[in-house]
1. To check my understanding: the extent here is largest minus smallest coordinate of the Cα atoms along each principal axis. What are those three numbers for the stretch 43-94, in Å, largest first?
2. Of 31, 106, 59, which has the largest mean-square fluctuation in a 10 Å C-alpha GNM of the chain?
3. When you have a sec, figure out the Kirkwood radius of the stretch 1-68 from all distinct Cα pair distances and drop it here in Å to one decimal?
4. How long is the gain from residue 88 to residue 159 if the chain were fully straight, where each residue apart is worth 0.36 nm and the alpha carbon distance is subtracted?
5. For an R0 of 45 angstrom, estimate the FRET efficiency from the Cβ-Cβ distance between residue 5 and residue 126 and round to the nearest 0.05.
6. Return the distance in nm (one decimal) between the two label points of a simple spin-label model at residue 67 and residue 41, each offset 7 Å from Cα along Cα→Cβ.
7. Over every pair of different alpha-carbon atoms in the stretch 47-134, take the mean of 1/r and invert it; report that Kirkwood radius in Å.
8. Using a 10 Å cut-off around each Cβ, can you sort 91, 103, 130 from fewest to most neighbouring Cβ atoms?
């Protein structure tokens with residue numbers, strides 16, 4: 001077959017449709033060719049950052065000392081693929097959606113007594129994969145708040161599940177407060193396009 005050289009292709013009717021090829025055909029764009037679609041309306045290309053979810057605490061939680069305790073994020077802001085379960089505060093990778101994911105976690109806490117260490121942790125399939133270690137000195141008589149955060153990319157496979165845990169070494173409970181502001185305590189994530 002030959003080569004068609006032209007500067008413009010338009011449909012016969014105004015605002016009509018031009019179809020290139022049929023099912024099973026392949027169109028190849030050679031190396032070095034620029035496809036400029038900056039001014040076009042694009043549909044069905046580029047991928048999507050889904051599944052995506054965002055959840056926050058729905059009530060305050062007292063975390064005991066000396067062991068990792070699972071945190072509860074019981075209220076969803078959104079959940080594109082119904083992959084986050086509010087009943088157990090767990091995100092599970094849906095079937096067919098393995099890949100790299102990004103997660104952000106933020107937890108505000110108030111100490112009940114003197115403590116030195118607080119660790120916010122992301123667990124995959126009930127095993128820790130990332131921890132954020134902080135030290136904190138408590139000044140007696142003051143209600144002090146501390147924000148711990150995690151921002152991390154993780155390789156995940158279908159049916160992998162993720163949860164958030166917290167450890168501290170205070171002599172009493174550490175209070176995870178359900179603040180009135182929407183995003184003080186949150187667990188959220190999305191699939192990276194790649």
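What follows is calculated from the coordinates using simple rules that are stated; it is not laboratory data. This structure is a prediction, so every number in the text was calculated from the model and none was measured. Glycine also receives a Cβ, built like all others from the backbone with ideal geometry; neighbour counts cover every protein chain displayed.
1. Principal extents (largest minus smallest coordinate, Cα): 51, 20, 15 Å.
2. Checking each option, the largest mean-square fluctuation is seen for 31.
3. 19.0 Å
4. Answer, rounded to one decimal: 24.1 nm.
5. 0.15
6. 5.8 nm
7. It is 14.9 Å.
8. So the residues, fewest neighbours to most, are 130, 103, 91.
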